[in-house]
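The values are calculated or read from the model by the stated rules, or taken from the named source; none is laboratory data. Remember, it's a predicted structure, so these values are computed and weren't measured experimentally. Here the Cβ positions follow ideal geometry from the backbone for every residue, glycine too, while neighbour counts run over all protein chains shown. Side chains are part of the model used for accessible areas, which takes the heavy atoms of the whole protein and leaves out ligands, DNA and RNA. Shrake-Rupley method; radii C 1.70, N 1.55, O 1.52, S 1.80 Å.
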Amino acid sequence: MEQEDLSGNEFLLEGRNVVIEAFRSGRAIDRLYILDGCQDGPVMTIRREAKKRGTPIKFVTKERLTQMSGTGKHQGVIAVAAACEYAQVEDILQAARDKGEAPFIFLLDNIEDPHNLGAIIRTANLAGAHGVIIPKNRAAGLTATVARTSAGALNYTPVAKVTNLAKTIEDLKKEGMWFVCADMGGTSMYQLDLRGAIGLVIGNEGDGVGRLVKEKCDMTAAIPMKGDIDSLNASVAAGVLAYEIVRQRIMGARG
C-alpha cells in the first residue's frame, strides 16, 4: 500500500489513553500502529479493543512512529481515525428506498491509493449512486486525503466498510441486485444491460478485481480503448462505467 504521510493529520490520535478512549467512545478507527514488541497492560487493552472492532493493526519501529507523530508523545501507539463515520450497508439500501430508486452502489476491491478513493467517492455522488462499499483490509480508509480529494462528497455519500466483499455481494443479491465488474477482458460496456438495481465493482490500481470477488459478479464490463497503453486509472475507469450506468438508467426511465 502507498505509505501516506500522516504527520500533521488532524485525524491522528496519539498516546495510550487517547486511543483507548477513542475506541471506547465508538469512534471509527481505520488502522492502528503499535511499537513492535510492546506488550504492557495498556497496549494489550488497546489491542483487544482493536480486535473487537476488526481494526487492522500494524507493528512498526520506534523510528516509524516518531516519523508519523505530530506531538512526539505517541507512547508507542498511534491510531488513524476516519475522517467520517462509516455507514452500514443497510443505510445505503435505505437511501435508495427513500428516493424511490433502484439501488446503485459502488463496491471497491482493495483500492489502496487514497486519492483514487476520494475521486471515486466524488464520482459516486455526482452519478447519483446511493453509497460506496469498501473492504476493511488491504485498502485505503476514510483518511484526511480521501476527504480532501472527495471535494465534500464524503459528507453526502455513505461509505460502508465490510469484512468480506464477496460475502457482501452474495447478501446484496438476495436484495435483487446485479453486479458488474470492471475487467479489460470483459464484454464491451455498450453491449451490457446495466439498468435496474446494480452494483459497480472496481478493482485496485495494479491487479484489478480479485478472483473471488469477480466470481460473484454477474457481468464483466470492458471499456473500449484505442490508445497505446493498456489500462485506465481506477478512478477514471469508475467514472466512465458509472456514467454508462447513468445513461442507461435515464434511457430506461424514458422507456
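Which one of these is at pLDDT below 95 and assigned to a loop (DSSP other than H, G, I, E, B): Lys161, Lys226?
Working: Lys161 fails: assigned to a loop (DSSP other than H, G, I, E, B).
That would be Lys226, the only listed residue that is at pLDDT below 95 and assigned to a loop (DSSP other than H, G, I, E, B).
Given (1) farther than 19 Å from Ala153 by Cβ; (2) part of a loop (DSSP other than H, G, I, E, B); (3) touching a Lys or Arg at 6+ places or on another chain (Cβ under 9 Å), where does Glu101 come up short, assuming only one miss?
Of everything listed in (1) farther than 19 Å from Ala153 by Cβ; (2) part of a loop (DSSP other than H, G, I, E, B); (3) touching a Lys or Arg at 6+ places or on another chain (Cβ under 9 Å), Glu101 misses just condition (1).
Select from segment 25-79 the residues that are out of contact with any strand residue (DSSP E or B) (no Cβ under 7 Å at 6 or more places or on another chain), small (Gly, Ala, Ser), in a loop (DSSP other than H, G, I, E, B) and open to solvent by 40 Å² or more (accessible area, probe 1.4 Å) and list them in ascending order.
Ser25, Gly26, Gly37, Gly72
Please go through (1) under 21 Å from Ala127 (Cβ atoms); (2) open to solvent by less than 70 Å² (accessible area, probe 1.4 Å); (3) in contact with an Asp or Glu (Cβ under 6 Å, 6 or more places away or on another chain) for Gly186 and return the number of the only condition it doesn't satisfy.
Gly186 satisfies all of (1) under 21 Å from Ala127 (Cβ atoms); (2) open to solvent by less than 70 Å² (accessible area, probe 1.4 Å); (3) in contact with an Asp or Glu (Cβ under 6 Å, 6 or more places away or on another chain) except (3).
Take the conditions closer than 27 Å to Tyr156 by Cα and either modelled with pLDDT of 90 or more or of a type in the set (S, T, N, Q) (or both) and apply them to Thr55. Does it pass? Even if it seems obvious, please write down each step before you answer.
Values: closer than 27 Å to Tyr156 by Cα: yes; either modelled with pLDDT of 90 or more or of a type in the set (S, T, N, Q) (or both): yes.
So Thr55 fits the description; yes.
Output the residues belonging to segment 167-188 that are in a helix (DSSP H, G or I) and out of contact with any Gly (no Cβ under 8 Å at 6 or more places or on another chain). Before the answer, list the steps.
First, pick out the residues of segment 167-188 that are in a helix (DSSP H, G or I): 167-173.
Lys167, Thr168, Glu170, Asp171, Lys173, listed by residue number.
Applying the selection to segment 156-171, what residues are β-branched (Val, Ile, Thr) and open to solvent by 10 Å² or more (accessible area, probe 1.4 Å)?
Applying the first criterion (β-branched (Val, Ile, Thr)) to segment 156-171 yields 157, 159, 162-163, 168-169.
Listed by number, the residues that qualify are Val162, Thr163, Thr168.
Working carefully through the options Ala153, Ala124, Ala119, find the one that is open to solvent by less than 40 Å² (accessible area, probe 1.4 Å), small (Gly, Ala, Ser) and out of contact with any Ser or Thr (no Cβ under 7 Å at 6 or more places or on another chain).
Numbers: Ala124 fails: out of contact with any Ser or Thr (no Cβ under 7 Å at 6 or more places or on another chain); Ala119 fails: out of contact with any Ser or Thr (no Cβ under 7 Å at 6 or more places or on another chain).
Of Ala153, Ala124, Ala119, the one residue that is open to solvent by less than 40 Å² (accessible area, probe 1.4 Å), small (Gly, Ala, Ser) and out of contact with any Ser or Thr (no Cβ under 7 Å at 6 or more places or on another chain) is Ala153.
Just to be sure before I move on: is Ala83 buried (at least 18 other Cβ atoms within 10 Å of the Cβ), under 28 Å from Asn233 (Cβ atoms), modelled with pLDDT of 90 or more and not β-branched (Val, Ile, Thr) in the structure I sent? Working first, answer last.
Numbers: buried (at least 18 other Cβ atoms within 10 Å of the Cβ): yes; under 28 Å from Asn233 (Cβ atoms): yes; modelled with pLDDT of 90 or more: no; not β-branched (Val, Ile, Thr): yes.
No, not satisfied.
If I ask for residues that are touching a strand residue (DSSP E or B) at 6+ places or on another chain (Cβ under 6 Å), assigned to a helix (DSSP H, G or I) and within 21 Å of Thr123 (Cα to Cα), which ones from segment 189-223 would you list?
Met189
Select from segment 65-99 the residues that are without any contact (Cβ under 8 Å) to a residue 24 or more places away in the chain and among the hydroxyl-bearing types (Ser, Thr, Tyr) and list them in ascending order. Give the steps one after another, and end with the answer.
To start, the set of residues in segment 65-99 that are without any contact (Cβ under 8 Å) to a residue 24 or more places away in the chain comprises 66, 72, 90, 94, 97-98.
Selection gives Thr66 alone.
Scan segment 139-149 and give yes if some residue there is open to solvent by 30 Å² or more (accessible area, probe 1.4 Å), more than 16 Å from Ala237 (Cβ to Cβ), of a type in the set (Val, Ile, Thr) and modelled with pLDDT of 90 or more, otherwise no.
Yes, segment 139-149 contains a residue that is open to solvent by 30 Å² or more (accessible area, probe 1.4 Å), more than 16 Å from Ala237 (Cβ to Cβ), of a type in the set (Val, Ile, Thr) and modelled with pLDDT of 90 or more.
Which condition number does Asp113 fail, the rest of (1) surrounded by 19 or more Cβ atoms within 10 Å (Cβ to Cβ); (2) acidic (Asp, Glu); (3) at pLDDT 95 or above being met?
Looking at each condition in turn, Asp113 falls short on (3).
Give Glu2, Glu90 a once-over and let me know the one that is modelled with pLDDT of 90 or more, within 20 Å of Leu142 (Cα to Cα) and loosely packed, with under 12 Cβ neighbours inside 10 Å.
On the way: Glu2 fails: modelled with pLDDT of 90 or more.
Exactly one of Glu2, Glu90 is modelled with pLDDT of 90 or more, within 20 Å of Leu142 (Cα to Cα) and loosely packed, with under 12 Cβ neighbours inside 10 Å, namely Glu90.
Going residue by residue through segment 243-252, is there one that turns out to be surrounded by 13 or more Cβ atoms within 10 Å (Cβ to Cβ), in a strand (DSSP E or B) and of a type in the set (Val, Ile, Thr)?
No, the conditions are met nowhere in segment 243-252.
Any residue in segment 25-43 that's closer than 18 Å to Thr143 by Cα: show its pairings with residues that are of a type in the set (Asp, Glu) at Cβ separation under 7 Å, as long as the two are six or more apart or on different chains.
Qualifying pairs under 7 Å: Ala28/Glu85.
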